[in-house]
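Asker: Once you've had a glance at the structure underneath, I'll fire off some questions.
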């Protein structure tokens, strides 16, 4: 497994065959990506920050485009603010932050790295350890957190 930093976009054009007319739209996949912060490695890949991958098929032009973006969780934002040179600054489920005080009385953070789902017209990044994270529905997956959805009040 290798680290994915930031984002990337890829434009593909088929040179052999055609995209079937029925295959139109965007496929989203989500999984763990960043496994290190600076020189420090996460204790388990389940703690890895999530990356959303999207591939959009266009049968009319017989082309596809793809992109990947890191899911901008609160934890990613806090880690960026702390700086990579300082190592892991935010506690995960299997990984402790370097500072004892960053771990004290803190629940593990949500890496948003398990599965994508559409609900109520929104694309959500799921993780077993936290609330779904709503991600932008732009053409190349997620680059902005719109807000955190808290489902605890649904009963």
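Asker: Considering only the stretch 96-106, state which residues are in contact (Cβ under 8 Å) with a residue 24 or more places away in the chain and out of contact with any helix residue (DSSP H, G or I) (no Cβ under 8 Å at 6 or more places or on another chain).
Answerer: First pass over the stretch 96-106, keeping only residues in contact (Cβ under 8 Å) with a residue 24 or more places away in the chain: 96, 98.
Within the stretch 96-106, none qualify.
Results for (1) surrounded by 15 or more Cβ atoms within 10 Å (Cβ to Cβ); (2) closer than 21 Å to residue 44 by Cα; (3) modelled with pLDDT under 50; (4) touching a helix residue (DSSP H, G or I) at 6+ places or on another chain (Cβ under 7 Å), shown as yes or no for each residue.
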{"site": "108", "(1), (2), (3), (4)": "yes, yes, no, no"}
{"site": "111", "(1), (2), (3), (4)": "yes, yes, no, yes"}
{"site": "114", "(1), (2), (3), (4)": "yes, yes, no, no"}
{"site": "131", "(1), (2), (3), (4)": "yes, yes, no, no"}
{"site": "135", "(1), (2), (3), (4)": "yes, no, no, no"}
{"site": "140", "(1), (2), (3), (4)": "yes, no, yes, no"}
{"site": "151", "(1), (2), (3), (4)": "no, no, yes, no"}
{"site": "154", "(1), (2), (3), (4)": "no, no, yes, no"}
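Asker: While we're on this one: Looking at 92, 67, which one is crowded, with 19+ Cβ neighbours inside 10 Å, modelled with pLDDT under 85 and not in a loop (DSSP other than H, G, I, E, B)?
Answerer: 67
Asker: While we're on this one: Exactly one of these conditions fails for residue 54: (1) in contact with a strand residue (DSSP E or B) (Cβ under 7 Å, 6 or more places away or on another chain); (2) part of a loop (DSSP other than H, G, I, E, B); (3) modelled with pLDDT of 60 or more. Give me its number.
Answerer: For residue 54, the exception is condition (2).
Asker: Does residue 80 satisfy the condition of being loosely packed, with under 15 Cβ neighbours inside 10 Å and modelled with pLDDT of 80 or more?
Answerer: Spelling it out, residue 80 is indeed loosely packed, with under 15 Cβ neighbours inside 10 Å and modelled with pLDDT of 80 or more.
Asker: Considering 91, 75, 69, which residue is under 30 Å from residue 21 (Cα atoms) and under 20 Å from the mean Cα position of the chain (by Cα)?
Answerer: 69
Asker: Determine if the stretch 2-25 includes at least one residue that is in contact with a strand residue (DSSP E or B) (Cβ under 8 Å, 6 or more places away or on another chain), buried (at least 17 other Cβ atoms within 10 Å of the Cβ), in a loop (DSSP other than H, G, I, E, B) and modelled with pLDDT of 85 or more.
Answerer: No, the stretch 2-25 has no match at all.
Asker: Something else: Any residue at all in the stretch 37-44 that is at pLDDT below 85, in a loop (DSSP other than H, G, I, E, B) and surrounded by 20 or more Cβ atoms within 10 Å (Cβ to Cβ)?
Answerer: Looking for residues that are at pLDDT below 85, in a loop (DSSP other than H, G, I, E, B) and surrounded by 20 or more Cβ atoms within 10 Å (Cβ to Cβ), one finds none in the stretch 37-44, hence no.
The values are calculated or read from the model by the stated rules, or taken from the named source; none is laboratory data. The structure presented is a predicted model; accordingly, all values stated were derived computationally and were not measured. Glycine also receives a Cβ, built like all others from the backbone with ideal geometry; neighbour counts cover every protein chain displayed.
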